[in-house]
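One structure is given below, encoded as structure tokens.
The numbers here are math on the coordinates, done by the rules we state, and not lab data. Since the structure is predicted, the reported quantities are computational estimates derived from the model, not experimental observations. Backbone-built Cβ (ideal geometry, glycine too); neighbour counts: all protein chains shown.
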Amino acid sequence: MKKKSIHFKKRIILTSVLLIFFVLIIYLFFYGQKVESKKINSKNNTSINITENKTSSIPINIKIPKINVNTNIESVGILSDGAMGVPNSPENTAWFNLGVIPGDIGSAVIDGHSGWKDNIPAIFDDLYKLKKGDKIYITNDKGIVNTFVVTKTKIYKSNEDTTSVFIPNDKISHLNLITCTGIWNSVEKSHTDRLVIFSDKEIL
């Protein structure tokens, strides 16, 4: 009887050890799959998680033949008010460097000015002309060109949730272009709305 009791205790100990080991393996597996993320607040105070970039390639040029765009891409982050940064000049665009790189899985975001003061031409003045099927070409600093195809356009109000522009719910490579539209607000010195062009990476 005593031998059976000892044998039973050994089995319990062995089972417990195996169970702990199994749980540890599961924990390490799922923890290891997590990527570093940084929580930011969009202009409408919507909290979103942005994946940090892990590669060295960055976008440097954007071409949109349909509207005669061929210009440089600056790199921007978050402004003090929680909004995405904008390019320094009306002729350039800006890539959101806290998001994904164009061509990687996820939603890369590039913005540009439109309706610049004193009627000075801005790079995205004609962005609204893009339609489904139009193509966008992004060249990175290694000379690699990624092609994106426009899928839809949408206008967002200033207080509307824009999380979907930055965070997709699929495993596809997206590129979203943003510019101002709507009525000019002289108090806030900004337009009331935002025009977003959604596009997906072309699969050959």
Efficiency of FRET between Ser158 and Lys117 - r from beta-carbon atoms, R0 22 angstrom, step 0.05: 0.70
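Rank by packing, highest mean first: peptides 112-121, 129-138, 98-107, with packing defined as the count of other Cβ atoms within 10 Å averaged across residues. Write out the running numbers ahead of the final one.
Details: 112-121: 14.4, 129-138: 16.3, 98-107: 21.5.
In descending order of packing, they fall as 98-107, 129-138, 112-121.
Within 10 Å of each residue's Cβ, count the other Cβ atoms and sort Leu175, Leu204 from fewest upward. Present the calculation step by step, with values, prior to reporting the outcome.
Values: Leu175 26, Leu204 3.
Least crowded to most crowded, the residues run Leu204, Leu175.
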To the nearest 0.05, the calculated FRET efficiency linking Glu91 and Thr147 through their beta-carbon distance, R0 being 25 Å, is 0.65
If one computes the Cα centroid of the range 60-82 and of the range 134-176, what distance in Å separates the two points? 12 Å
